[in-house]
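The values are calculated or read from the model by the stated rules, or taken from the named source; none is laboratory data. Keep in mind it's a predicted model, so treat the numbers as computed, not measured. No Cβ is skipped: glycine too gets one built from the backbone with ideal geometry, and neighbour counts run over all protein chains shown. Protein only, heavy atoms only, side chains kept; ligands, DNA and RNA dropped before computing areas. Shrake-Rupley method; radii C 1.70, N 1.55, O 1.52, S 1.80 Å.
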Amino acid sequence: MARKRATDLSKTDMTMLVLIVLLVIFGLAVLFSSSEYNGRVRFGDSACYFKKQLFATALGMGVMYMVSSIDYHFFLRLGPVAYLISMFLSGAVLFVGQEINGSKRWLNLGPLSFQPSEFAKVAVILFLAWQIERTKKATRGFGFMCRTILTLLPIIGLVGSNNLSTAIIILGIGGILIFVSNPGYLEFIGLGSAGAGFIAVFLAAESYRLERLAIWRNPEKYEKGFQTIQGLYAIGSGGIFGRGFGNSLQKLGFVPEAQNDMIFSIICEEMGAAGAIFLIFLFVMLLWRLGVAAMHAKDLAGALICCGIMGHLALQVILNIAVVTNTIPNTGITLPFISYGGTSAVFLLGEMGLAMNVGKCDRIN
């Protein structure tokens, strides 16, 4: 048994594991700093958010270990079932979901709340990997692209009705996996046009989405642009090395919900450009290891799983930082490993377990 455990450990991508642990520790530390004021004001406990996130992270690490210990083909076969469950849960949110801060995105499970859109991301990765792997050589041409995207439209529609940012990420994951599996390039012009048209329709469907475009262009003219302006103040005041850990001023009620979407601005204020660059470096290194795992996977399914996880992580990091810096309109996207959110932490660490599983299977062979 001891020899088997040692062999399993030797097959683990230790670089990826170290990067994940560093991001988790960094995220918990930053979360405690950014949330202590809100926790003290709302709940009388400055460590309230930190304790909840620590519990979710511990649970997520357990899930990561479990998933990394089971052959990923087992989860691949569950892809269609997971996809159907994600559609059911996303539909349930529309009818019995809990509304928080004007958004109905959560389901109550007793004392806990669950965000089905986080599960939908994992389900889509597994389902698309299963679907594309089964088509084998029939991955050429516009027809393949259309069939694959059409299978995603139900979940995109359900999620996008109350969470446009996650719907965009799911659409992006689909586009990335199609790109990886399709040797052609010209077809992606049509796919990109269709995706842009889909996003345009969703933007026009609700007036508040068009309002976000106006706020993005001139945040100082709108009351709802307050968060963006305060976030930019935080970034600018951090300088090169920041005010020091725990010394943010903007988290004291100036940046609303500083522990959530805008946490990157608090990192910039407390740790400066140096801290922001260090965090981005960790993300880039993790994306590199995911790419290595994808290139050395023993089959197409494993490569697609790693590419889907890599695409999910890259899209979410890029979009979150772009929102915080006001490069794109505010879309409510959290920063992986860093922002507060128990559901996100559990499923993201589960994805990391899948990626490590693929790399481990590669070493076995």
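Within segment 33-69, being touching a Ser or Thr at 6+ places or on another chain (Cβ under 9 Å), of a type in the set (Ser, Thr, Tyr) and within 23 Å of residue 248 (Cβ to Cβ) holds for 33, 34, 35, 37, 46, 49. Just for segment 219-253: of the residues that are aromatic (Phe, Trp, Tyr) and in a loop (DSSP other than H, G, I, E, B), which one is farthest from residue 339 (Cα to Cα)? Per the criteria, the residue is 222.
Selection over segment 46-62 of residues that are within 17 Å of residue 258 (Cα to Cα), aliphatic (A, V, I, L, M) and crowded, with 17+ Cβ neighbours inside 10 Å gives a count of 0.
I want to confirm something. Restricting to segment 254-279 and keeping residues that are hydrophobic (A, V, I, L, M, F, W, C) and in a loop (DSSP other than H, G, I, E, B), which single residue is nearest to the chain's Cα centre (by Cα)? Steps first, answer last, please.
Step one: of segment 254-279, the residues hydrophobic (A, V, I, L, M, F, W, C) are 254-255, 258, 262-264, 266-268, 271, 273-274, 276-279.
From the residues that got through so far, the ones that are in a loop (DSSP other than H, G, I, E, B) too are 254-255, 258, 262.
Numbers: 254: 25, 255: 22, 258: 18, 262: 15 Å.
My answer is 262.
Within segment 198-247, the residues that satisfy the criterion of being modelled with pLDDT of 85 or more and in contact with a Phe, Trp or Tyr (Cβ under 9 Å, 6 or more places away or on another chain) are 230, 231, 233, 234, 235, 246. Here is the figure for segment 293-320: residues that are open to solvent by less than 30 Å² (accessible area, probe 1.4 Å) and assigned to a helix (DSSP H, G or I) total 18.
Annotation note: of 355, 345, the sole residue that is of a type outside the set (Ser, Thr, Tyr), modelled with pLDDT under 95, closer than 30 Å to residue 74 by Cβ and open to solvent by less than 10 Å² (accessible area, probe 1.4 Å) is 355. Of the numbered criteria (1) modelled with pLDDT of 90 or more; (2) of a type in the set (Gly, Ala, Ser); (3) within 27 Å of residue 158 (Cβ to Cβ), the one residue 27 fails is (3).
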